[in-house]
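Remarks on the structure that follows.
The values are calculated or read from the model by the stated rules, or taken from the named source; none is laboratory data. Only a predicted model underlies this, so the values are computations on that prediction, with no experimental measurement involved. So basically every Cβ, Gly included, is an ideal-geometry build from the backbone, and we count neighbours across all protein chains shown.
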Amino acid sequence: MELTGERGTNVNTNTFNLEFTADHSEILRYLGYRGGSVQDAARISRMVSDLYQEVKRFSVPRGIYGTFWLEKSSDGALFLPETSLCFHSQDLETLLKDSEKVSILAATLGRSVDQLISYLLASGEYVKAAIADAIGSAAAESAIEQVNAIVREEAKREGKALTDRFSPGYGDVPLTLQKDILDLIGAKKMDIEVTEAFILKPRKSVTAIVGWTSPSSRCSESRVPDCQSCRLVDCRFRR
């Protein structure tokens, strides 16, 4: 296999306590509202406000990331030379075409949020459970963006920019990659694990991959990633 790029020698991972935050409009999007007026808006708004504080009380937002050198083979494979990880993905190959390094990110709200949602469901509080679930999803997305912002500042100090974030399960990046990338950054220290079906536990956890590239690269991040870069055009959460 013919590889290009520079092989690194040190792999460091960093963990952070994060802020709990969730945008109101994002919560409504996760509840399935696509904009415009919300039926019974005042009641829903009150429930969101009340449950926001409850979900926040149960949350312990934390993040972790590791940065690795990236090498590319002539057949399109992507390889992290400090590790044994090698994978194929046309989407990631396109995203990382100008990158020499990648960062693997993970963030979680902790297991107590899952327990809160399960308690509400078991109590027959289905509407509250759905709202708490939406708040948790929005907060988990905010948490991974906070980790991304930390990595972006580190890259900036080295004169680099980041690509958009890309997560397993989107495009042609398989969910089976979850376990490998979490093992690489030692996410077990934050109690994040992967089920046999490659679903993250706690459920309000997110992983992502970003590339380090030059600020002038067409792949460099110019905005917060949004649904326009996703091919799941019929997704009910699409903005």
Exercise. Could you tell me which numbered condition LYS201 fails, if it satisfies all but one of (1) at pLDDT 95 or above; (2) surrounded by 16 or more Cβ atoms within 10 Å (Cβ to Cβ); (3) closer than 27 Å to ILE27 by Cβ?
Key: (2)
Quiz item: Can you tell me which residues in segment 1-30 are at pLDDT below 90 and part of a loop (DSSP other than H, G, I, E, B)?
Solution: MET1, GLU2, GLY5, GLU6, ARG7, GLY8, THR9, ASN10, VAL11, ASN12
Quiz item: Does LEU85 fit the bill of being more than 23 Å from ALA143 (Cβ to Cβ), free of Cβ contacts under 8 Å to residues at least 40 places away in the same chain and surrounded by 13 or more Cβ atoms within 10 Å (Cβ to Cβ)?
Solution: no
Quiz item: Checking ASP91 against (1) closer than 25 Å to GLY169 by Cβ; (2) of a type in the set (Asp, Glu); (3) free of Cβ contacts under 8 Å to residues at least 12 places away in the same chain, which test does it fail?
Solution: (3)
Quiz prompt | Residues (among the hydroxyl-bearing types (Ser, Thr, Tyr) and over 23 Å from the mean Cα position of the chain (by Cα)) located in segment 69-86 | solution = SER73, SER74
Quiz prompt | Search result, residues across segment 63-81 that are surrounded by 17 or more Cβ atoms within 10 Å (Cβ to Cβ), touching a helix residue (DSSP H, G or I) at 6+ places or on another chain (Cβ under 9 Å) and part of a loop (DSSP other than H, G, I, E, B) | solution = LEU80
Quiz prompt | segment 88-137, residues that are surrounded by fewer than 16 Cβ atoms within 10 Å (Cβ to Cβ) and under 27 Å from SER216 (Cα atoms) | solution = HIS88, GLN90, ASP91, GLU93, THR94, LYS97
